[in-house]
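One structure is given below, encoded as structure tokens.
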Amino acid sequence: MAHFDRIPAAQRHVLMLGVTLMVCMTGCGMARMTLAQELAWDLWKQCDSFPGIQLKEVRQDGQIWVWTTSDLTAWRECINKAREDQARRGVAAVPAAVSEAVQVSAARGSVTAPIWKVGDEWAFRSDTPSGLGTFVWEVDRIESLAGMPHYVIKAGTRRIYYRVDDLALAREEVDGRIVREITPSTWRWVAFPLTVGASWTVKYHEERPVDRQSDEIERTCKVEAEEAIAVPAGTFQTFRVACRNTRNDAWVTTIWYSPQVKQMIREESAVTGGKRVRELMTYRHR
């Protein structure tokens, strides 16, 4: 008997290369696809060759739902390989905003905190010791947390809360459950106004209720330089920010922040088993 299945929430993301796609949404009327949908359509295109598996829908968050009368194992393996290839290629249907951005230098002097809008999107590729992948961050809404407005970033079933006035990280949720909470919410990978030579130290308590773990964290970050770097989305003028563990001076992360993109365009971080590298593939501002 036919039934439908989906790609798990942690495994969704795609890009339809070189094409701007339109889709009829609920209530009908043509609307532009989200970046997560575009990434997912690219995966489906590469794996649309298995008997007994028929596309049901590609949702806005990048989930691929299919009707199936056969085993999904081989198809899922195809999707996983296609996702790795997608990250390896790192190519993107670059919107006009990116093409213009390569001509714009970061502002000399100080740079203020960006203003994100609901619907802003950034698509990244990620290379970690556990493998290659892609993911999309989308500004889902603005919500009050501890009496302060926070941007809520949607990434699959994950929700990440950043304070509006300074982008300090406050909370992360997965499937509606808190998996990480920071008090006080002082952890910032960039501190505004942003200037070369500026430095800051943050101390906070990190609670991971699902893992039943907690820790006292202390980091020192510094804006080391302003430099142009190339990523799959193009070449951008950035501020390079490096953060270290204040207690043992161990390197923690380096972020390249682009005022034009209003986001990091590259990140290198120490993780279990080695280093994680994330790079911007494309973005879209509302």
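The values are calculated or read from the model by the stated rules, or taken from the named source; none is laboratory data. Small disclaimer: the values here were computed from a predicted structure and weren't measured. Heads up, the Cβs are rebuilt from the backbone with ideal geometry, glycines too, and the neighbour counts pull from every protein chain shown.
What single numbered condition from (1) among the hydrophobic types (A, V, I, L, M, F, W, C); (2) at negative phi; (3) surrounded by 19 or more Cβ atoms within 10 Å (Cβ to Cβ) fails to hold for Leu167?
All conditions pass for Leu167, except number (2).
Please pick out the residue among Phe135, Phe192 that is within 27 Å of Asn245 (Cβ to Cβ), not polar (S, T, N, Q) and not in a loop (DSSP other than H, G, I, E, B). Walk me through how you get there before you give the answer.
Working: Phe192 fails: not in a loop (DSSP other than H, G, I, E, B).
Testing whether each residue is within 27 Å of Asn245 (Cβ to Cβ), not polar (S, T, N, Q) and not in a loop (DSSP other than H, G, I, E, B) leaves just Phe135.
For Val136, state whether it is in contact with a His (Cβ under 7 Å, 6 or more places away or on another chain), among the aliphatic types (A, V, I, L, M) and not assigned by TED's automatic domain parsing to the domain that holds Ala82. Quick ask: steps written out before the conclusion?
Numbers: in contact with a His (Cβ under 7 Å, 6 or more places away or on another chain): yes; among the aliphatic types (A, V, I, L, M): yes; not assigned by TED's automatic domain parsing to the domain that holds Ala82: yes.
Answer is yes for this residue.
Could you list all residues from the stretch 181-203 that are crowded, with 18+ Cβ neighbours inside 10 Å and either more than 30 Å from Ser110 (Cβ to Cβ) or hydroxyl-bearing (Ser, Thr, Tyr) (or both)?
Glu181, Ser185, Thr186, listed by residue number.
For the structure I just gave you, tell me whether Ala106 is over 27 Å from Val190 (Cβ atoms), buried (at least 16 other Cβ atoms within 10 Å of the Cβ) and at pLDDT below 80. Please lay out each step first, then the result.
Working: over 27 Å from Val190 (Cβ atoms): no; buried (at least 16 other Cβ atoms within 10 Å of the Cβ): yes; at pLDDT below 80: yes.
Taking the combined requirement at face value, the residue does not satisfy it.
Identify, from the list Glu138, Glu143, the residue that is buried (at least 20 other Cβ atoms within 10 Å of the Cβ), within 19 Å of Pro114 (Cβ to Cβ) and of a type in the set (Asp, Glu).
Numbers: Glu143 fails: buried (at least 20 other Cβ atoms within 10 Å of the Cβ).
Only one candidate qualifies: Glu138.
I'd like to verify a number: residues in the stretch 197-232 that are part of a loop (DSSP other than H, G, I, E, B), more than 21 Å from Tyr162 (Cβ to Cβ) and either modelled with pLDDT of 95 or more or small (Gly, Ala, Ser) (or both), how many? Give the steps one after another, and end with the answer.
So in the stretch 197-232, the residues part of a loop (DSSP other than H, G, I, E, B) come out as 197-198, 209-212, 232.
Next, from what is left, pick out any that are more than 21 Å from Tyr162 (Cβ to Cβ): 197, 211-212, 232.
Restricting the remaining residues to those that are either modelled with pLDDT of 95 or more or small (Gly, Ala, Ser) (or both) gives 197.
Result for the stretch 197-232: 1.
Looking at Asp42, is it modelled with pLDDT of 85 or more and under 24 Å from the mean Cα position of the chain (by Cα)?
Values: modelled with pLDDT of 85 or more: yes; under 24 Å from the mean Cα position of the chain (by Cα): yes.
Taking the combined requirement at face value, the residue satisfies it.
Which condition number in (1) in contact with a strand residue (DSSP E or B) (Cβ under 7 Å, 6 or more places away or on another chain); (2) farther than 17 Å from Met264 by Cβ; (3) modelled with pLDDT of 95 or more is the one that Glu172 fails?
So Glu172 meets the others, but not (2).
Output yes when any residue across the stretch 268-275 is assigned by TED's automatic domain parsing to the domain that holds Ala113, at pLDDT 95 or above and buried (at least 20 other Cβ atoms within 10 Å of the Cβ), and no when none is.
no
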